[in-house]
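The structure appears right after this line, and notes come after that.
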Amino acid sequence: MVDFQKVDASLLDRMCSVAKLTLNTSEKKKFLAEMSEILAAFGTVEEAYVGDTPPAYHPTAVENIWRDDTIIKKSKLDIGKNTNALEDGYVVGPKLV
Amino acid sequence: MPTYDATVVTKTKSAGGMILGKTAQDEFGFGTFSDTCAYAVPKNPIDPERTCGGSSGGAGCLAAAADFPHIAIAESTGGSITAPAAFTGTVGLTPTYGRVSRYGLIDYSNSMDKIGVISRKVYDSALMLSVISGHDPLDSTSSRAESGDFTAYVGKSVKGIRIGIPKEYFSDVDRKVSKPVEDALGRLEGMGAKTVDISLPRTKYAIAAYYIVAMGEASTNLARYCGMRYGAQEKIDGEFSEYFSSIRSKYFGEEAKRRIILGTYVRAAGFRDAYYTKALKVRGLLIKEFKEAFAKVDVLATPSMPILPPRFDEIESMSPLDKYNIDKMTTAPNLCGFPTISVPAGKVDGLPVGLQLIADHFHEGELISVASAFEGDSD
């Protein structure tokens with residue numbers, strides 16, 4: 001059984017790191033207190049007997065819909081419409097390494 | 001300005017409609033009271049000290065307040081059409097999952113998001129659903145179920161219609177809300193409908209299962225908010241992780257951060273089976289339970305919301321969990337993809353109360369028939 005209520009600062013830091021969020025001190029204090037309460041409430045699902053019921057990833061039967069793979073020609077200018085960081089027709093991103 | 005139109009916008013324009021503008025909503029749909037809007041908080045036209053409901057609160061506000069012919073397009077993931085409709089005294093139609101294309105909609109929880117309608121009258125909602133529904137190859141979850149003219153269901157007799165009353169949806173409800181809903185059911189019986197007592201015991205898991213799935217999906221859907229291709233942008237500074245984190249930390253609101261962190265947690269290694277996968281199994285059980293009920297009745301009836309529209313100062317004193325628990329009427333049908341309609345059931349202390357009707361997948365017609373008959377009797 002998972003200890004649903006055990007959320008400490010290091011676990012919160014780990015989740016923030018994965019989620020790419022940096023919290024300030026007051027946010028951390030607030031979220032830490034709230035998370036324990038919310039996750040304890042989420043623990044209600046543990047009480048449900050599900051037997052061999054498969055997970056319902058969608059509420060209705062969903063079939064993959066495939067379209068013809070048609071090439072749409074776009075200029076580099078079109079592609080760059082959604083970014084401010086366009087340089088010589090290329091989208092500039094932050095350094096990875 | 002968006003660089004392309006959503007399918008619902010394209011269809012509305014093609015049918016001769018005019019898009020007047022965008023309405024306020026809780027940030028990414030994360031709210032029940034429209035108190036977490038990024039730009040402005042819509043106020044209830046009936047009492048500006050009270051909420052319009054959320055997350056599609058601006059749509060509800062417009063539908064209630066505008067004095068010209070209009071229909072509002074709205075979105076629901078866990079009740080975001082029903083809440084504003086109930087709190088503003090309007091009609092809110094949430095279609096079956098997949099009935100309306102979501103192409104152009106920003107994903108919150110992609111296994112639950114639905115585009116629907118808020119309007120003054122049932123006929124208007126039926127008309128708009130006729131326009132915006134139908135299969136769309138641009139949305140991989142769009143259903144091929146037959147659509148058609150939903151206005152044909154308006155004005156149909158309810159004689160012989162079986163209305164299920166699930167007892168779990170009438171407990172822990174403000175008596176000021178449940179009384180008018182019970183009166184409404186009495187009036188429908190007077191029109192020839194038959195009420196049937198129903199029990200949906202697994203409803204007690206619905207709020208938790210809904211929020212686990214919703215937050216889990218939101219956390220991954222909002223990974224796209226990276227400060228480059230989507231969302232706010234700034235001058236790129238530092239390495240990838242620093243820039244990505246700084247943009248997200250600066251521009252996400254508090255509720256968005258809360259849901260992303262909790263969503264990350266419930267899908268993390270070590271917790272995923274206990275929370276996320278278990279919630280998906282609970283969804284399967286809930287669907288089965290509702291389907292068994294729909295073998296006995298045509299629609300289910302509940303209060304739309306368990307409370308009257310609260311004042312903003314009352315909302316401020318609520319914890320996040322208190323707010324999540326207000327969604328007790330709407331999480332199960334939304335988690336399970338069932339269509340719902342909220343129709344005004346009267347007023348108490350000058351404040352509106354909504355009657356929620358729930359039908360089996362792709363049975364919006366029954367909802368429209370019952371809602372329009374009730375509305376006609378109320379006019």
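The values are calculated or read from the model by the stated rules, or taken from the named source; none is laboratory data. What you see is a predicted model; the values in this text were computed from it and never measured. Neighbour counts are summed over all protein chains in view; Cβ atoms, including those assigned to glycine, are modelled from backbone coordinates with ideal geometry.
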Only residues that are in contact (Cβ under 8 Å) with a residue 24 or more places away in the chain and either of a type in the set (V, I, T) or in contact with a Leu (Cβ under 9 Å, 6 or more places away or on another chain) (or both): list them for the range B:269-287, please.
B:Y275, B:A279, B:V282, B:R283, B:L286, B:I287
Just wondering, is there one or more residues in the range B:242-253 that are in contact with a helix residue (DSSP H, G or I) (Cβ under 6 Å, 6 or more places away or on another chain) and either closer than 24 Å to B:D327 by Cα or surrounded by fewer than 23 Cβ atoms within 10 Å (Cβ to Cβ) (or both)?
yes
Residue match in the range B:101-114 (condition: part of a helix (DSSP H, G or I) and within 27 Å of B:M1 (Cα to Cα))
no
Residue satisfying all of: in the range B:276-304; facing chain A (nearest Cβ under 10 Å) and touching a Lys or Arg at 6+ places or on another chain (Cβ under 8 Å); surrounded by the most Cβ atoms within 10 Å (Cβ to Cβ) among these:
B:V282
Please indicate, with yes or no, whether at least one residue in the range A:31-43 is in contact with a helix residue (DSSP H, G or I) (Cβ under 9 Å, 6 or more places away or on another chain) and over 28 Å from B:D113 (Cβ atoms).
yes
Just to be sure before I move on: is B:T151 on the phi < 0 side of the Ramachandran plot, of a type in the set (V, I, T) and surrounded by fewer than 20 Cβ atoms within 10 Å (Cβ to Cβ) in the structure I sent?
yes
Please find, within the range A:50-97, the residue that is nearest to B:I212 (Cα to Cα) out of those that are in contact with a Lys or Arg (Cβ under 9 Å, 6 or more places away or on another chain), assigned to a loop (DSSP other than H, G, I, E, B) and aliphatic (A, V, I, L, M).
A:A56
Quick one: which residue in B:A208, B:A218 is closer than 18 Å to B:T330 by Cα and in a helix (DSSP H, G or I)?
B:A208
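Would you list the helices (runs of 4 or more DSSP H) that sit entirely within the range B:260-371 and hold 3 or more residues that are charged (D, E, K, R) and within 28 Å of B:G216 (Cβ to Cβ)?
Those helices (runs of 4 or more DSSP H) span B:278-294.
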Pairs, first more than 7 Å from every other protein chain (Cβ to nearest Cβ) in the range A:32-55, second among the polar types (S, T, N, Q), C-beta under 6 Å, six or more apart:
A:S36/A:Q5; A:A40/A:Q5
Specify the residue that is farthest from B:R248 (Cα to Cα); the eligible residues are those in the range B:38-67 that are of a type outside the set (A, V, I, L, M) and modelled with pLDDT under 95.
B:D67
Number of positions in the range B:205-217 that are within 7 Å of another protein chain (Cβ to nearest Cβ) and either among the acidic types (D, E) or closer than 28 Å to B:D298 by Cβ (or both)
2
